[in-house]
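S.K.: There's a structure below that I have some questions on.
The values are calculated or read from the model by the stated rules, or taken from the named source; none is laboratory data. In this text the structure is predicted, and so the values were computed from the model without any measurement. Here the Cβ is made from the backbone with ideal geometry for all residues, glycine too, and neighbour counts use every protein chain on show. In case anyone asks, the SASA skips ligands and DNA or RNA and just uses the protein heavy atoms, side chains included. Shrake-Rupley method; radii C 1.70, N 1.55, O 1.52, S 1.80 Å.
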Amino acid sequence: MTEVLDNPAWAALTGPHAHFAERHGGALRYPLDVSPFLALPDRPSPSDWDDVARLAGRGGTVAVAGLAVVPPEGWEVVFNMAGVQMTGEDVTGASDDEAVQLGPEDVPEMMDLVERTQPGPFLPRTIELGSYLGIRRDGALVAMAGERLRPPGWTEISAVCTDEAFRGRGLAGRLVLAIAAGVRERGDVPFLHTVADNVGAIRLYRSLGFRLRRTTTFQLLRVPVLVG
């Protein structure tokens with residue numbers, strides 16, 4: 001059943017990640033230090049958008065992933081980025097003896113790696129969303145990957161990044177497979193997102209057994225300062 005992946009943030013926040021959900025009427029979001037993503041019903045009504053405005057506040061921004069929406073008049077589309085969603089029904093994963101479990105004490109180093117490599121949002125409490133693994137060289141964290149959205153039956157692999165000096169050595173692929181192995185162990189299927197023009201990442205994920213499910217969008221929207 002892949003339909004839950006059509007609106008993955010909603011499926012996660014009304015399912016396995018419900019304990020994270022901050023809600024106002026028809027709008028849900030993660031705590032802002034966990035994830036920037038907002039969740040809306042598949043076909044948001046005007047009242048749902050009013051709920052978003054109350055949840056985010058006047059002039060606030062909200063990130064929408066995987067659900068192509070047209071905001072009401074007066075809302076600003078800060079950016080609208082094309083992406084792809086890939087699923088790993090045939091990916092069994094593989095454990096990696098060099099991969100180490102990352103914990104709260106590693107967050108400053110993880111955020112530094114993310115800042116330098118820009119794999120996507122990673123915030124002080126993002127690590128609470130699931131398992132994160134890393135590879136170290138001479139004690140320094142040089143690559144990592146972990147879990148983000150969890151729609152029922154699925155787990156998104158995210159924050160896949162490698163320090164520039166250590167790229168081309170297969171570290172990212174090894175970590176993706178190691179995370180996938182843990183996802184499979186608890187009975188979920190791995191999936192992931194990447195921007196549509198990241199040809200190298202898409203090639204890597206295909207080589208690991210992921211296949212394209214659909215194109216998608218990542219949007220950042222700004223609530224009008226003067227809203228009802």
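S.K.: With the requirement that a residue be closer than 18 Å to L32 by Cα and acidic (D, E), what does the range 97-122 give you?
M.R.: Residue satisfying the conditions is E115 alone.
S.K.: Collect the residues in the range 9-20 that are touching a Lys or Arg at 6+ places or on another chain (Cβ under 9 Å), assigned to a helix (DSSP H, G or I) and within 11 Å of P152 (Cβ to Cβ), keeping them in residue-number order.
M.R.: Hits for the range 9-20 are A11, A12.
S.K.: Every residue in the range 186-207 that is in contact (Cβ under 8 Å) with a residue 40 or more places away in the chain and either under 14 Å from E147 (Cα atoms) or open to solvent by less than 60 Å² (accessible area, probe 1.4 Å) (or both), please.
M.R.: V189, P190, F191, L192, H193, T194, V195, A196, A201, I202, Y205
S.K.: Another question, then. Looking only at residues in the range 208-217 that are assigned to a strand (DSSP E or B) and surrounded by fewer than 19 Cβ atoms within 10 Å (Cβ to Cβ), which one is nearest to the chain's Cα centre (by Cα)? Steps first, please.
M.R.: Applying the first criterion (assigned to a strand (DSSP E or B)) to the range 208-217 yields 211-217.
Of the ones still in play, those that are also surrounded by fewer than 19 Cβ atoms within 10 Å (Cβ to Cβ) are 211-215, 217.
Details: R211: 17, L212: 16, R213: 16, R214: 16, T215: 15, T217: 12 Å.
Of everything passing the filter in the range 208-217, T217 is nearest to the chain's Cα centre (by Cα).
S.K.: Any residue that is in contact (Cβ under 8 Å) with a residue 40 or more places away in the chain, open to solvent by 50 Å² or more (accessible area, probe 1.4 Å) and closer than 27 Å to F122 by Cβ - is there at least one of those in the range 64-75? Let's see the steps before the verdict.
M.R.: Our first condition is that a residue be in contact (Cβ under 8 Å) with a residue 40 or more places away in the chain; within the range 64-75, this holds for 64-69, 71, 74-75.
Going one step further and asking which of them are open to solvent by 50 Å² or more (accessible area, probe 1.4 Å), we end up with 68, 74.
Still in the running and closer than 27 Å to F122 by Cβ: 68.
Yes, some residue in the range 64-75 is in contact (Cβ under 8 Å) with a residue 40 or more places away in the chain, open to solvent by 50 Å² or more (accessible area, probe 1.4 Å) and closer than 27 Å to F122 by Cβ.
S.K.: Where residues in the range 140-179 are under 15 Å from F210 (Cβ atoms), of a type in the set (G, A, S) and under 15 Å from the mean Cα position of the chain (by Cα), which of them is surrounded by the fewest Cβ atoms within 10 Å (Cβ to Cβ)?
M.R.: So the residue we want is S158.
S.K.: From the residues in the range 13-58 that are basic (K, R) and in contact with a strand residue (DSSP E or B) (Cβ under 7 Å, 6 or more places away or on another chain), which one is nearest to V69 (Cα to Cα)? Working first, answer last.
M.R.: Going residue by residue through the range 13-58, those that are basic (K, R) are 23, 29, 43, 54, 58.
Of the ones still in play, those that are also in contact with a strand residue (DSSP E or B) (Cβ under 7 Å, 6 or more places away or on another chain) are 29, 54.
Values: R29: 16, R54: 18 Å.
So, considering only residues that are basic (K, R) and in contact with a strand residue (DSSP E or B) (Cβ under 7 Å, 6 or more places away or on another chain), the one nearest to V69 (Cα to Cα) is R29.
S.K.: If the requirement is being in a loop (DSSP other than H, G, I, E, B) and open to solvent by 70 Å² or more (accessible area, probe 1.4 Å), which of these qualifies: D112, D97?
M.R.: On the way: D112 fails: in a loop (DSSP other than H, G, I, E, B).
Going through D112, D97 in turn, the sole match is D97.
S.K.: From G168, G146, G173, which residue is touching a helix residue (DSSP H, G or I) at 6+ places or on another chain (Cβ under 9 Å) and not in a strand (DSSP E or B)?
M.R.: Within the list G168, G146, G173, the selection yields G173.
S.K.: If I ask for residues that are open to solvent by 40 Å² or more (accessible area, probe 1.4 Å) and under 19 Å from G130 (Cα atoms), which ones from the range 18-28 would you list?
M.R.: Of all residues in the range 18-28, those open to solvent by 40 Å² or more (accessible area, probe 1.4 Å) come to 18-19, 22-25.
Within the range 18-28, A18, H19, E22 meet the criteria.
S.K.: Shifting gears a bit: Can you run down the residue pairs with Cβ atoms below 9 Å, 6 or more apart or on separate chains, where the first is in the range 211-226 and within 23 Å of A196 (Cβ to Cβ) and among the aromatic types (F, W, Y) and the partner is open to solvent by less than 30 Å² (accessible area, probe 1.4 Å) and outside any strand (DSSP E or B)?
M.R.: F218/G66
S.K.: Can you name the condition, by its number, that D42 falls short on among (1) loosely packed, with under 15 Cβ neighbours inside 10 Å; (2) within 30 Å of R137 (Cα to Cα)?
M.R.: Only one criterion in (1) loosely packed, with under 15 Cβ neighbours inside 10 Å; (2) within 30 Å of R137 (Cα to Cα) is unmet by D42, namely (2).
S.K.: Right, here's the next one. Out of all the residues in the range 120-139, which are of a type outside the set (A, V, I, L, M), buried (at least 21 other Cβ atoms within 10 Å of the Cβ) and assigned to a strand (DSSP E or B)?
M.R.: Y132, G134
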